[in-house]
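Some notes on the structure that comes next.
The values are calculated or read from the model by the stated rules, or taken from the named source; none is laboratory data. As the structure is a prediction and not an experimental result, all values here were calculated from the model. As a convention, Cβ positions derive from the backbone with ideal geometry for all residues, glycine included, and neighbour counts pool all protein chains shown.
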Ligand code: UN1
């Protein structure tokens, strides 16, 4: 099956990993991509050397000069064609995402659907890159602000959403008149090659220059080529808080802009007025979907003491039904972790929660035997824990869910929910309007995403996506997230024969 998929997407046994569009080159060491599904080698990708990288940036700089002059709706037309091509290739690309990364086939397709959706969004946006008009304090003057293309956008994406997060950035950046250089995670280089081939064909069919969409490959050192490079005004990076701090300080050193989407430590508050059935679906999908490897995955359940046992029993029972195995088999709920390092981190978290006084109520463990040869399949686990535990305060990118109790008012639950360093996604399960509104108020959740009666994961592309505190503060995808990809300019025009100064200053000569 996978051979057909690779063929449909133009993936060879060994692929060049550096591209400015139709031109592929690169002479760096090869990365071998293997699947966490069955540990089988899939194909190789050559990494990008410094010399290759400089060639990419020079080509991108030239392309920017032309691309910024293409009217925004025409740039949108290219993105529309890209979205249509993704519709045609949804099946093979979704399968490759699932096989190379290890998420379920449904989620692989869902990820490609997010790409299609953001393309549609970007097409509409290409006619809506609005600024404001402002009334001047001076007679005969007019003011407005406008948004201009920024330049080269460097995109560093993570393994867990190997294609969608790139598309959120690049589809918007393109309609905004920017050109993009993408470094996918070195854990999933093939999906990057596949996407670049798709857009390269579209750009070629439209006689567009090389350099509008560029691909580079390699580890953090290749990422550093971009973060230290003054020619790249914006770096959009998705990944751990540790990585984000390094990227932020490196880019700040040269006063560049960053868009950071980093770790989450997402909680669902379950109040006495919660619908238990909905809570169970939301919490279980949130905790075990993508094997707990979404930045929006549910890590903590904060449950009112009056319903604690009832919710706990229902969730434990639901965990008993979970099927773990090959994610390409639609009967399975939970696929593998990305690699054995991730498995070690998962094991360490379970050890540490016990050491800190936690109580495991659904045992974890690494699965062995037929179908589990990759060593990456783990059992989703649940521990009763306290919010202040060091391990609970950290994001473990694995299916480990912490249960904790609150008593009294919803304010106490909100305090626990906010009592972590991260601020990405949050949710409350309640049919009580007062509780829901308090949770959403300025004294409520401090996260970038706050949901009522749905879980923490699975955000739609129409809203701005990102979070506060150690999540990095960036917003990508919908709403007005496009503004970061443009530079703002304020214009004042005097259509009189006088030159009055602002603030009433007199300056007669
Ligand atoms: C991520 O994990 O980096 O909201 C992105 C969600 C998805 C995106 C997650 N739409 O869960």
Q | For residue 137: the one exception among (1) surrounded by 15 or more Cβ atoms within 10 Å (Cβ to Cβ); (2) in a loop (DSSP other than H, G, I, E, B) | A | (1)
Q: With a cut-off of at least 1 residues that are within 16 Å of the ligand (Cβ to nearest atom), name the helices (runs of 4 or more DSSP H) lying wholly within segment 180-263.
A: 189-205, 241-253
Q. Using beta carbons and a limit of 6 Å, which pairs, at least six apart or on different chains, have the first residue in segment 235-256 and assigned by TED's automatic domain parsing to the domain that holds residue 151 and the second one within 16 Å of the ligand (Cβ to nearest atom) and in a helix (DSSP H, G or I)?
A. 236/169; 237/247; 238/165
Q | Members of segment 156-174 that are touching a strand residue (DSSP E or B) at 6+ places or on another chain (Cβ under 7 Å), over 18 Å from residue 73 (Cα atoms) and more than 9 Å from the ligand (Cβ to nearest atom) | A | 156, 166
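Could you look through segment 457-476, keep only residues that are outside any loop (DSSP other than H, G, I, E, B) and within 16 Å of the ligand (Cβ to nearest atom), and pick out the one that is farthest from the chain's Cα centre (by Cα)? Show your work before the answer.
As a first pass, look at segment 457-476 and keep what is outside any loop (DSSP other than H, G, I, E, B): 464-465, 468-469, 476.
Cutting the leftovers down to within 16 Å of the ligand (Cβ to nearest atom) gives us 464-465, 468, 476.
Numbers: 464: 11, 465: 8, 468: 14, 476: 8 Å.
So, considering only residues that are outside any loop (DSSP other than H, G, I, E, B) and within 16 Å of the ligand (Cβ to nearest atom), the one farthest from the chain's Cα centre (by Cα) is 468.
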Q: For segment 228-245, name all the residues that are within 18 Å of the chain's Cα centre (by Cα) and under 13 Å from residue 156 (Cα atoms).
A: 234, 235, 236, 237, 238, 239, 240, 243, 244
Q) Which number in (1) within 16 Å of the ligand (Cβ to nearest atom); (2) surrounded by fewer than 16 Cβ atoms within 10 Å (Cβ to Cβ); (3) without any contact (Cβ under 8 Å) to a residue 60 or more places away in the chain marks the one condition that residue 509 misses? A) (1)
Q: Can you run down the residue pairs with Cβ atoms below 8 Å, 6 or more apart or on separate chains, where the first is in segment 156-175 and under 12 Å from residue 86 (Cβ atoms) and the partner is part of a helix (DSSP H, G or I) and near the ligand (Cβ under 9 Å from one of its atoms)?
A: 163/111; 164/111; 164/114; 167/114
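If I ask for residues that are assigned to a loop (DSSP other than H, G, I, E, B) and in contact (Cβ under 8 Å) with a residue 24 or more places away in the chain, which ones from segment 477-500 would you list?
Within segment 477-500, 478, 495, 496, 498, 500 meet the criteria.
Keeping to segment 65-123, report how many residues are in a loop (DSSP other than H, G, I, E, B) and in contact with a strand residue (DSSP E or B) (Cβ under 7 Å, 6 or more places away or on another chain).
Taking segment 65-123 as the starting set, the residues that turn out to be in a loop (DSSP other than H, G, I, E, B) are 68-71, 89, 102-104.
Those left that are additionally in contact with a strand residue (DSSP E or B) (Cβ under 7 Å, 6 or more places away or on another chain): 68.
The number of residues fulfilling the criteria is 1.
Please state which one of 29, 63, 13 is buried (at least 20 other Cβ atoms within 10 Å of the Cβ), at pLDDT 95 or above and more than 25 Å from the chain's Cα centre (by Cα).
Details: 29 fails: buried (at least 20 other Cβ atoms within 10 Å of the Cβ); 13 fails: buried (at least 20 other Cβ atoms within 10 Å of the Cβ).
Step by step, each of 29, 63, 13 is checked, and only 63 is buried (at least 20 other Cβ atoms within 10 Å of the Cβ), at pLDDT 95 or above and more than 25 Å from the chain's Cα centre (by Cα).
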(Q) So for segment 135-143 (the condition being free of Cβ contacts under 8 Å to residues at least 60 places away in the same chain, more than 25 Å from residue 460 (Cα to Cα) and assigned by TED's automatic domain parsing to the domain that holds residue 45), does at least one residue qualify? (A) yes
**Q.** residue 331 modelled with pLDDT of 95 or more and either in contact with a helix residue (DSSP H, G or I) (Cβ under 6 Å, 6 or more places away or on another chain) or more than 16 Å from the ligand (Cβ to nearest atom) (or both)
**A.** no
Q. Are any of the residues in segment 443-450 without any contact (Cβ under 8 Å) to a residue 60 or more places away in the chain, outside any loop (DSSP other than H, G, I, E, B), within 16 Å of the ligand (Cβ to nearest atom) and surrounded by fewer than 24 Cβ atoms within 10 Å (Cβ to Cβ)?
A. yes
